[in-house]
1. Of the candidates 188, 33, 214, which one comes out as most mobile in a Gaussian network treatment of the chain with C-alpha springs shorter than 10 Å?
2. I want to verify a result. In a Gaussian network model of the chain, Cα cutoff 10 Å, which of these has the top mean-square fluctuation: 56, 190, 157?
3. Quick check: Cα centre of region 213-233 to Cα centre of region 1-30, how many Å?
4. Which option, [x] 49, 45, 36; [y] 60, 37, 28; [z] 62, 39, 33, is the value of Cα extents along the principal axes in Å that was calculated from these coordinates?
5. Need one number: nm distance between label points at residue 111 and residue 196, each 7 Å from Cα along Cα→Cβ, rounded to one decimal.
6. Given a Förster distance of 41 angstrom, what is the FRET efficiency for residue 11 paired with residue 159, based on the Cβ-Cβ distance and rounded to 0.05?
7. Using a Gaussian network for the chain with springs between C-alpha atoms less than 10 Å apart, which of these wobbles most: 219, 164, 108?
8. Multiply the residue gap between residue 85 and residue 42 by 0.36 nm, knock off their C-alpha separation, and tell me the result in nm, one decimal place.
């Protein structure tokens, strides 16, 4: 990314950030807002992200500042590409590594051919059930907050579209796939559903978003690099 003039942040800038693990998308927004306020010597500046990425995931997050925040919906509508690492034969309540394994299943019968046939079934429009441990709003509260307290959460099916699924690596019980999908797609739910469809269980062990529309993670910078660029202004 090219260096951006200070006044451009106020007028409106679009930043491509490579999110680190254990950060939420809101953490990224808050850090960038704080850095901009410090460096520019201002009290207020609009900063927002154009699509949540799970805390354990890494990769591309689009951040908008100033008047560019009006374009957030436009970026949210763009298709997304992810690299997902999946562990077959085990499930967790959160469908990823945030929670402990709660079920073990046979996986020895799963072949590459079975994986390919199963992936083909998930291409196109799908009715997907979001994870209980998600940022979905239920009666004004986040689903993950209620789930962590052991409360029952009734989530609704939502329609998504999966454009393409590719096997990147298959070393059972480990599976890595590339997912090209619409907004609102939960890759954790996809991992769970793939495992169930193959007569087993599965959960996500790694996730990286590599593209949003035409924007690629290779064009992004880390928060640390963003801070360094600000110091050069």
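1. Highest fluctuation among the options: 214.
2. Largest GNM mean-square fluctuation: 157.
3. Their Cα centres are 7 Å away from one another.
4. This structure yields the entry labelled [y].
5. 2.6 nm
6. On the way: r = 37 Å, r/R0 = 0.90.
Taking R0 as 41 Å, the efficiency between residue 11 and residue 159 is 0.65.
7. 108
8. Details: separation 43, 0.36 × 43 = 15.48 nm, distance 4.20 nm.
Computed gain between residue 85 and residue 42 is 11.3 nm.
Taken together, the values in this text are just the output of simple stated rules run on the coordinates, not laboratory data. This structure is a prediction, so every number in the text was calculated from the model and none was measured. All Cβ positions, even for glycine, are placed from backbone atoms using ideal geometry, and neighbour counts span all protein chains on display.
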